[in-house]
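Data first, discussion second: the structure below is written as structure tokens.
Any read-out appearing in this document is the output of simple, stated calculations on the displayed coordinates, not a laboratory observation. Note that the coordinates shown come from a computational prediction; the quantities given were computed from them, not determined experimentally. Using ideal geometry, Cβ is built from the backbone for each residue, glycine included, and neighbour counts are taken over all protein chains shown.
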Amino acid sequence: MSVQLDAAGRLRHLLTLDGLPAPIVLGLLERARGFVHTPQARAPRGRQLEGRTVVNLFLEPSTRTRVSFELAARRLGADVVNIEGAAASTVKGETLLDTVYTLQSMRTDFFVIRTAESGAPASVAERVAADVSVVSGGESHLSHPTQGLLDALTIVQRKPDVDRLVVCIVGDIAHSRVARSAGQVLRTLGVRELRLVAPPELMPDDAEFPGAVRCLELDAGLADADVVMALRIQKERMATAEIPDRAAYRERYGLTGKRLRSARRDAIVMHPGPMNRDVEIESDVADGPQSVIRTQVANGVAVRMAVLLALAEHASAR
Ligand code: CP
């Protein structure tokens, strides 16, 4: 955790929301609000990152996170390099750290790393040069901090009194970095109640999500909820034998319009994407009036602009 902040308490790297001080979280959300715009308006732009280079090093697939980091960096004037999966020299046996050192020699300022390897972003952060920052773009099942921030921003835009909210997360929580980062940031923001809904085999260990209420049945988890977040089954993190039967899962845990009526009438529906329509979420719910899924995507760019700017301040202050 300490690796994330510099000696002056500024954000140096962003690897996890676990233990990230509330003033930093609130500062990032406030800064991100400044980049939110209506769908009709031109996207805000600046030159604050002119002369800086952002490398998106994505060793797992991504659409939203990768593209929104690229747009965020370009809209702030940075140079951007994207290296994805099979295009990375890691597939030829080069270590992630050697790849990072190679790119650092070409004067990279920010590394955004997505990896299935637990601990890899922190390991890189501990070894990069003093003026280089590392951001997790998603780390195994453990952490997806910018997703957690964009989810928090989306919630507070619609429902600012977080201490009054009941938030229900339903799906494959055991394998979900999105759920972990959401749980961490909501705890920091003082959420009234966090409910986790999943079958026993997809429920996280008891030691995780302190204070959360666990429900095996979706109707119980949805009762009077203000926010409902559906998650997909993370097949890529399961052995074939563990993958639940699709129809049985949909029957018991799929978020349908009928089920959503158990939540508050003004409840918002979230999904981090990618969605499996008509499995974990009914298509009509995903596209319905309570859905804020597209707002989440739009907020992703704003949050990533805020994060890159905050990290640039650390480097400028050195
Ligand atoms: N939510 C999310 O991380 O989506 P991508 O995998 O498309 O980046």
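Okay, here's what the table says:
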| read-out | value |
| --- | --- |
| Rg [Å, one decimal], Dmax [Å, integer] - region 174-304, C-alpha atoms | 14.3, 39 |
| Residue list for region 182-219, given a label point 7 angstrom along the Cα-to-Cβ vector of Arg164 and an amide N cut-off under 16 Å | 190-193 |
| Theoretical FRET efficiency, 1/(1+(r/R0)^6), r = Cβ-Cβ of Ile243 and Asp205, R0 25 Å, to 0.05 | 0.80 |
| Helix-only mean residue ellipticity at 222 nm for the chain, each DSSP H run of n ≥ 4 adding -39500 (n - 2.57), per residue, nearest 500 | -10500 deg cm²/dmol |
| Exposure proxy order (Cβ contacts within 10 Å, fewest to most) of Tyr253, Tyr101 | Tyr101, Tyr253 |
| Exposure proxy ranking, count of Cβ atoms within 10 Å, fewest first, for Ile281, Ile268 | Ile268, Ile281 |
| Residues Arg107, Arg237 arranged by fewest to most Cβ contacts within 10 Å | Arg107, Arg237 |
| Sparse-neighbour loop sites [GluC sites (Glu not before Pro); region 203-282; at most 15 other C-beta within 10 Å; DSSP] | Glu208, Glu217 |
| Gain in span if fully extended, Asp224 to Glu30, counting 0.36 nm per residue against the direct Cα distance | 67.0 nm |
| Backbone HN-Hα couplings from phi across region 206-218 [Karplus 6.51/-1.76/1.60, Hz, Gly and Pro as x] | 4, 5, 8, 6, x, x, 6, 8, 9, 10, 8, 10, 5 |
| Contour excess over end-to-end distance, with Cα ends at Leu216 and Gln290 and 0.36 nm allotted per residue | 24.3 nm |
| Distance histogram for the chain (every C-alpha pair counted, 10 angstrom bins, percent rounded to whole numbers) | 6, 28, 35, 23, 8, 1 |
| Highest-fluctuation residue, Arg177, Arg187, Arg250 considered, GNM on the chain with Cα pairs under 10 Å | Arg250 |
| Electrostatic dipole magnitude of the chain [Cβ: Lys, Arg +1; Asp, Glu -1; Cα centre; debye, to 20] | 1020 debye |
| Most fluctuating residue given options Arg246, Arg180, Arg31, as computed from a GNM of the chain linking Cα atoms under 10 Å | Arg246 |
| Ratio of the Cα radius of gyration of region 181-253 to 2.2 N^0.38 Å, where N counts its residues | 1.18 |
| Helix runs (DSSP H) in the chain reaching 24 Å along axis by Cα, Kyte-Doolittle at least -1.0 | 293-317 |
| Square roots of 5 times each gyration tensor eigenvalue, C-alpha, region 74-114, largest first, Å | 20, 12, 7 |
| The chain, relative contact order in percent, only Cα pairs under 8 angstrom and at least six apart counted | 21 percent |
| Among 14-27, 218-231, the order from most to least packed when residues are scored by Cβ within 10 Å on average | 218-231, 14-27 |
| Distance in nm between pseudo-label sites at Glu84 and Arg42 (7 Å out along the Cβ direction from Cα) | 2.8 nm |
| DSSP beta bridges in the chain [antiparallel fraction, %, rounded to 5] | 5 percent |
